[in-house]
Each structure stands twice: as structure tokens, then as C-alpha cells.
1. Among 99-110, 65-76, 183-194, 167-178, how do they line up from the highest to the lowest mean number of other beta-carbon atoms within 10 Å?
2. Suppose each label sits 7 Å from its Cα in the direction of the beta carbon; what would the Asp268-Ser166 distance come out to in nanometres?
3. Relative to the present Cα-Cα distance, how much length would full extension add between Glu41 and Glu77 at 0.36 nm per residue of separation?
4. 5 Å is the cut-off here: which amide hydrogens, built 1.01 Å from N in the peptide plane, fall below it relative to His231, excluding neighbours closer than 5 in sequence?
5. Once the Cα atoms of helix 251-262 and of the chain are each reduced to a long axis, what angle between those two axes, in degrees from 0 to 90 to the nearest 10, is obtained?
6. In segment 1-84, how does Rg compare with the Kirkwood Rh, expressed as the Rg/Rh ratio over alpha carbon atoms?
7. Please list, by residue number, every one of the trypsin sites (Lys or Arg not before Pro) in segment 12-83 that is coil in DSSP and has at most 11 other beta-carbon atoms within 10 Å.
8. How big is the C-alpha Rg of segment 166-221 next to the rule-of-thumb value 2.2 N^0.38 Å, as a ratio?
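The values are calculated or read from the model by the stated rules, or taken from the named source; none is laboratory data. Fair warning: this is a prediction, and the values are worked out from it, not measured in the lab. Cβ sites come from the backbone with ideal geometry, for glycine too, and all protein chains shown count toward neighbours. Each accessible area value is taken on the protein alone, full model and side chains, heavy atoms only, with ligands, DNA and RNA left out. Shrake-Rupley method; radii C 1.70, N 1.55, O 1.52, S 1.80 Å.
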Amino acid sequence: MSTDTPRPFAVVTGASTGIGLELAKQFASGGYDVLVAAEDERIEGVPAQLLEVEPRAVVDAVRVDLSTAAGVEGLWERAARDGRAVDAVALHAGVGVGGEFTATDLEAELHMIDLNVVSFVHLAKLASRAMVQRGEGRLLFTSSLAARVPAPYQAVYGATKAFVQSLAQSLRQELGQHGVSVTAFLPGPTDTEFFERAGMEDTKMAHTSAKDDPATVAEQAFKALQKGRDHVVTGSVGTKLQGAAANLLPNSPMAKGQGKLAEPGSAD
């Protein structure tokens, strides 16, 4: 990664597909050089895609398992190895696990906690320390509408996103006085591989719910980051209305409605 470019530098995790890939495109077209990271091999083809969006960008990719401490440390070492300051970090890498809590695989859920929670704390710690020392920087946390409402049949996933949302809002207050901006964005159901990877292909949520365009979600999230906003519900008007309803309706009816959408076999 060259250090002689005047462009700011961003790190985007979970950037091989879906919202993460679209976030990386937003950073590239928005004037940033970008280091993208993900566990799967598709991340190796992302730099070429970003250069199609912005030929002037300097782009690099690293294939890394961020569910491990070594993976997080390795990513940060890669980002900082040329002595270049990291101006923004999009903490996006994550997975879901769907199904009845008594039937879902414990190891899969613990892995999800390692990726969705532990890696966020670890990477945010490394990035925020460097940014506070410089007196500037931006952190973008991928939360979810699942952070706002009970999430039957996604209980542990919803809990991980509630953690991320709380962490982001708390760090915004702490780090803001040191020149570091923290923004969280809350997407709803989006047209990505999430449902397939979470084992939720047979749910109403996967088949009948309207899904947002990941490019639209990423564009709204990036704009919120650049404006220094606290948080934003991203996606369609319908998704934004769901976000507003989550602030108003009691948990019980919200849980019942979400359960009908996410219950295994509900698409039949």
C-alpha cells in the first residue's frame, strides 16, 4: 500500500460480497484508498472491482479470519505496516445463525459471537487508540434492526447486534471529545447471502419479506459516516418505518411478529 497518495485511507472488513463490498465501493468512489478484508477467497478479486469504480484509488486485499485474535492483529498490522495513518474503519464482518435456540449448534453460535462481538471490540480498540493519538478518525459499525427488537429464532444473532449498537453509541460519547467520530447503521433484510449462510432459507423472512438493495444500504451508511451522524436506519422507506415502529411498539407484539417471519419452515 503506497504512502505517497493524498487520499485518506480506510479499512473495510467483510468486504467480499453484499453490503461490505458495496461499502468498499463507497469508500473508493468517495476519495479513499482502501484495504479490504474477508475470510473467503472472493476477497482477492475485490481490488479489481474497486478500481473499476475509481481507477485512482490504491486498493489492497487481505484474506483473514477475524473470528480469531491473531486474525484481527494481523489485519491491523497489515493496515499499519507502511506507516500510513488509518482514517476510517468500517467494522462490518459478521454472520448470522437462525433456528430454535434449543436446536441451533452451540459452536456455530460461539463462532458468531467471536466474529460479531469479540472481533469488533478488538479491532475498535486498536483503531480507536491510534485515532485518539492522532486526534481524528471515523469508525463505522454495522448494527442491524435486530438490535432494536427481540429476535426469536435469531436470538443470539440479535443479541450480538444489540451489543454492537450499544458499543457504538457508548464509544461515540467517549471518543468524540478526542476528534473521533463513531457512526452505527442499522440495515433490515437485505438482498445478500445472509439468509443462506444463516440457515434461514425456509423462513418467511427469506422468501416473502421485501429486501433492500445492498448498494443503497451502503450509500446511506457512508453518507451518515461522512456527516458524522450517530446512527442511521438504512434501506427503503419501509425499513425506516420498521425502525421507527421499533421505538414505539412494546416488545411483546414486536417479538411475535418477528417470530412469525423467522420461524424455521414458515415459508411453506
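1. Values: 99-110: 13.2, 65-76: 18.7, 183-194: 22.8, 167-178: 15.2.
Top to bottom by mean Cβ count within 10 Å: 183-194, 65-76, 167-178, 99-110.
2. My value for the distance between the label points is 3.7 nm.
3. Numbers: separation 36, 0.36 × 36 = 12.96 nm, distance 2.01 nm.
Here the answer is 10.9 nm.
4. It is Ala184, by chain and number.
5. Computed tilt is about 90 degrees.
6. Values: Rg = 11.8 Å, Rh = 12.6 Å.
Result for segment 1-84 is an Rg/Rh of 0.94.
7. On the way: sites: Lys25, Arg42, Arg56, Arg63, Arg78, Arg81; in loops: Arg56, Arg81.
Passing both the DSSP loop test and the Cβ count: Arg56, Arg81.
8. Numbers: Rg = 15.6 Å, N = 56, 2.2 N^0.38 = 10.2 Å.
Ratio of Rg to 2.2 N^0.38 Å for segment 166-221: 1.54.
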